[in-house]
Amino acid sequence: MKKWKNKIIDTVKRIKNEKLIQKYFKENAVFVTFLITGVINATMLRFFTMPTIENYLSFRPILADFCVLLFFGSFSFLFKKKKGRFKYLLVLEIIFTLICVINSIYYTFYTSFASASMLSLTQFIGPVGDAVVENVLQLKDLLYLFGPIVLIIVYKKQKKHLFETESKKVRKKRTAHTLETALALFVLFAITLSSLDIGRFVKQWNREYIVMRFGIYVYQINDVFVSLQPKVTSIFGYDQAKKQFETYFQEEKETPKNEYTNIFAGKNVIVIHGESVQDVALNRTFNGQEVTPNLNRLAKEGLFFSNYYSQVSVGTSSDTELTFNTSLMPSKSGTAFVSYFDRKYNAIPSYFKDKGYYTFSMHANNADFWNRRAMHKSLGYDKFYSKETYKVSDDNIIGLGLSDKAFYQQSIEKLKKIKEEKGEPFYGLLISLTNHTPFSDVEKYGEFDVDIKETVTHEDGTTEEVSHPYMEGTKLGNYFKSLHYADEALGEFLKALDENGFLENTVFIFYGDHDARLPQSDFNRLYNYDQETETVKKEDDPTYREYNSYHYELDRKVPLIIWTKDHQVQGTVEDTMGMIDAMPTLGNMFGFYNPYALGHDIFTIKDENVVVFPNGNWVSNKVYYNSQKEEYMSLKEEEVIEEDYIEKNNKYAENLLDVSNDIIVFDLLNQDKNEQKKKK
Ligand code: GP9
Ligand code: MN
């Protein structure tokens, strides 16, 4: 023991006396720069994307990032010449920098980290590419480029002091030593991990959590393996998945029976997929003008679900289409529309088709966007009217493509033809487009001010019109302008439907497809604007209304409205509900039942409902639970939340996400395939 102690003291002394560290830094300036810039970039990314105290103070991801850099960097010592070493390190530096830049941009857009499984999706990003650039690319995304620049400068500066070329033996030894150090540090890192950390790392469904604990580089390497997994597991993990699936559906569920059962049997259906429509705009006025007068009217006259949440993952619009139509959650990696379009789905259009309906979808965007051309067939639509069937010209484009007004006008003509040729009943989905981020085509939305106008009376009795900017010039303000346009288009469409006799025997359904990814600070401004000072109130102001990340999550809810001209159904349903519950709820009303739906008929489950999000968060009437922070906000002040309640729902959430993903990946609803597997 003493021997070891002396040895360590001697080594420390030697390092100090002979200035070994300084020497190492000088002789390996490029290598050291590579390590430092790599760690700075990774840390910067975490700071910009997840600015929480816990994250600022966490040393673990820094250690993990450092280990990865050290591991890959160690092989540079195998190069004989300094130039070779530099070239190798520069390539690595560029790769690691790109990982940071891509994730930085991606996070702003999707509030998540990039995945290799999305690579096959780049073709779908194309049409919204401009929106991404305009909306998302910011100076902070380019800061990471300092890494390669500094590396080149350091290399150029120290070139003169290069020491003699090392022998093969020395080079190998240095590589081995560096690798050993990387490994030792990694072991140090690994022993700090909890079983929860490891579990989440393996599943990779909570990407933020993984980046927070493991750093961006470990995350990205793991992601490549996990992304390849669906390809591999759909060959291997079948038995286990099938077993879990059978256990999940073991109890024979009763088909719901309540006052809504079969009330709409045989009626036509028109569904509107409302791009980025959030509840926050409903019943909101600016200077006495409603943002969404038409939606407000529908909500008042029809059945309005006031706590309805979308459950999208990276597949946004397409994820909502999947969940609405099949009562399944988005797939854990990639998107179901793209990676798993060839599976068997028990989907709403198929059920209507079985009942003799003509089923169709309409969307004036490229048919291949989100792979709809293929996936709409799998969902059971007889026909998909895509961009090719619409007249799109320079004067009828807003934002991403054909304006909603033009879209609805042209769709009416198609509807008339359908009625003429195919007769009734029909089931049709219309996917709107104008109200898509970045909401910057403001001059095309028409006049709708989001300021506060005030008439000020002066002492001498004269009056003056004053305007306080309020939401003018903010993204949320522009969103309201855009949505006001989309609502006006919807109003015109309803009028045209009525004029053409489409509303007599039809159920009209509207849902907001997901939130609009608006900045939290804009919501704070919306609720805490002080028109006297024309600023946002400070938190210590007694009239300040608290607005934290939970309030923001709750504000992401979207409307669901079921309306008929004769007001057959009316009222507000306040129970928490998700996109996943649409199919069972509608199925009960129209007379079809999917035994493998993962959601519930809201009129049967009522206040017991729990809505799970793809990242493991969940919300019920009582609680919003954040699975990353493992914390929750109580939604009913007076009620005490038992630990059991949280645990039970965590389990439920995990199970539901697993089973849903297995159904998709292993094609478990495909009877023929399952029979074949059984025979084998
Ligand atoms: C594109 C439209 C928008 O066709 O549905 O998709 P999103 O960007 O919301 O997923
Ligand atoms: Mn969308």
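The values are calculated or read from the model by the stated rules, or taken from the named source; none is laboratory data. A quick note: this is a predicted structure, and the numbers were derived from the prediction, not measured. Cβ sites come from the backbone with ideal geometry, for glycine too, and all protein chains shown count toward neighbours. Note: accessible area is taken over every heavy atom of the protein model, side chains too, but ligands, DNA and RNA are not part of it. Shrake-Rupley method; radii C 1.70, N 1.55, O 1.52, S 1.80 Å.
Would you list Lys26, Lys242 from the most to the least accessible area, probe 1.4 Å? Could the numbers behind the result be given before it?
Working: Lys26 155, Lys242 40 Å².
In descending accessible area the options line up as Lys26, Lys242.
The length gained on full extension between Phe47 and Glu413, counted as 0.36 nm times the residue separation minus their Cα-Cα distance, comes to 126.5 nm.
If Rh is defined by the Kirkwood formula over all Cα pairs and Rg also comes from Cα, what ratio Rg/Rh do you get for region 167-299? List each step's numbers first, then the result.
Details: Rg = 27.5 Å, Rh = 22.3 Å.
Rg divided by Rh gives 1.23.
Sorting check: for 601-614, 145-158, 327-340, which peptide has the highest mean count of neighbouring beta carbons within 10 Å, and how do the rest follow?
Numbers: 601-614: 19.9, 145-158: 16.2, 327-340: 25.5.
The packing order, highest mean first, is 327-340, 601-614, 145-158.
Measuring how big region 38-89 is from its alpha-carbon positions, Rg and Dmax come out at 14.5, 45 Å.
At 1.4 Å probe size, with every protein chain present, just tell me what the per residue accessible area of region 477-608 comes to in Å². If you can, show how the numbers build up before the last one.
Numbers: 5050 Å² over 132 residues.
Per-residue accessible area for region 477-608 comes out at 38 Å².
Protection proxy ranking, highest mean first, for peptides 74-82, 495-503, 318-326: 318-326, 74-82, 495-503, where packing is the per-residue count of other beta-carbon atoms within 10 Å, averaged. Here the peptides 304-316, 518-530 are ranked by packing, the mean other Cβ count within 10 Å, and the order with the highest first is 304-316, 518-530. Here's how it looks for Val269: its modeled amide H is under 5 Å from those of Phe426, Tyr427, Gly428, Val507, which are all 5 or more places away or on a different chain. Of interest is the spacing of the C-alpha centroids, which for region 221-272 and region 522-576 amounts to 32 Å.
Going by accessible surface with a 1.4 Å probe and the largest first, Ser167, Ser432 read Ser167, Ser432. Charged side chains reduced to their Cβ positions (Lys and Arg at +1, Asp and Glu at -1) give region 261-602 a dipole of some 2160 debye around its Cα centre. For the set Arg14, Arg297, the ranking by accessible area, highest first and with no ligand, DNA or RNA atoms included, is Arg14, Arg297 under a 1.4 Å probe.
When only alpha carbons are used to place a centre, region 595-658 and region 379-414 end up 38 Å from one another. Extending 7 Å from the Cα toward the beta-carbon at both Ile15 and Asp449 defines two label points whose distance is 6.9 nm. For the chain, the longest principal axis of the alpha carbon atoms and the long axis of helix 238-248 meet at an angle near 50°. So how much accessible area does Thr533 have, in Å² to the nearest 10, using a 1.4 Å probe? Approximately 80 Å² of Thr533 is accessible to the 1.4 Å probe. Whole-Hz Karplus values for region 390-402 come out as 10, 8, 10, 9, 3, 8, 10, 9, 9, x, 6, x, 3 Hz, taken residue by residue from phi with 6.51 cos²θ - 1.76 cosθ + 1.60 and θ = phi - 60°; glycine and proline positions read x. Each label was represented as a point 7 Å from its Cα along the Cα-to-Cβ direction; for Lys2 and Ser634 these points are 6.3 nm apart. Please label the shape of region 1-87 as rounded, prolate or oblate, based on the square roots a ≥ b ≥ c of the eigenvalues of the alpha-carbon gyration tensor (a/c under 1.5 means rounded; beyond that, a/b larger than b/c means prolate, else oblate). Oblate shape, in that a/c is at least 1.5 and b/c is the bigger or equal ratio. Size of region 380-451 from its Cα atoms: along the principal axes, largest to smallest, the extents are 47, 25, 21 Å.
Could you size up the charge dipole of region 480-582 around its Cα centre, putting +1 on the beta carbon of Lys and Arg and -1 on that of Asp and Glu, and report it in debye to the nearest 20? Could the numbers behind the result be given before it?
On the way: 10 positive and 22 negative charges, 33 e Å.
Dipole magnitude for region 480-582 comes out near 160 debye.
In debye to the nearest 20, how big a dipole does the chain give about its Cα centre with +1 on each Lys and Arg Cβ and -1 on each Asp and Glu Cβ?
Details: 83 positive and 90 negative charges, 1375 e Å.
That gives a dipole near 6600 debye.
Couplings 3J(HN,Hα) for region 82-99, derived from phi with the Karplus relation 6.51 cos²θ - 1.76 cosθ + 1.60 (θ = phi - 60°), are 4, 5, x, 4, 4, 4, 4, 5, 5, 4, 4, 4, 5, 4, 5, 5, 4, 4 Hz, where x marks Gly and Pro. Solvent exposure of Ile53, expressed as accessible area, is near 120 Å², computed with a probe of 1.4 Å over the protein chains only.
The Rg/Rh ratio of the chain, with both radii computed over alpha carbons and Rh defined as the Kirkwood radius, is 1.03. The H on the amide N of Val573, modeled in the peptide plane, is under 5 Å from the matching H of Phe304, Phe305, Ser306, each at least 5 residues off or on a different chain. Proximity of backbone amide H atoms, modeled 1.01 Å from N, is registered between Asn626 and Glu631, Tyr632, Met633 at under 5 Å, excluding neighbours fewer than 5 places apart on the same chain.
Quantify, in whole percent, the carbon and sulfur part of the accessible surface of the chain (1.4 Å probe; protein heavy atoms only). Walk me through the numbers before you get to the answer.
Numbers: 17820 of 32230 Å².
The value for the chain is 55 percent carbon and sulfur by accessible area.
In region 481-560, the C-alpha radius of gyration followed by the widest Cα-Cα span (Dmax) gives 18.6, 57 angstrom. Here Lys391 and Phe146 are evaluated by their C-beta separation; at R0 = 60 Å the FRET efficiency comes out at 0.80. Along region 485-492 the Karplus relation, 6.51 cos²θ - 1.76 cosθ + 1.60 evaluated at θ = phi - 60°, assigns HN-Hα couplings of 5, 4, 5, 5, 4, 4, x, 5 Hz to successive residues, with x for each Gly and Pro.
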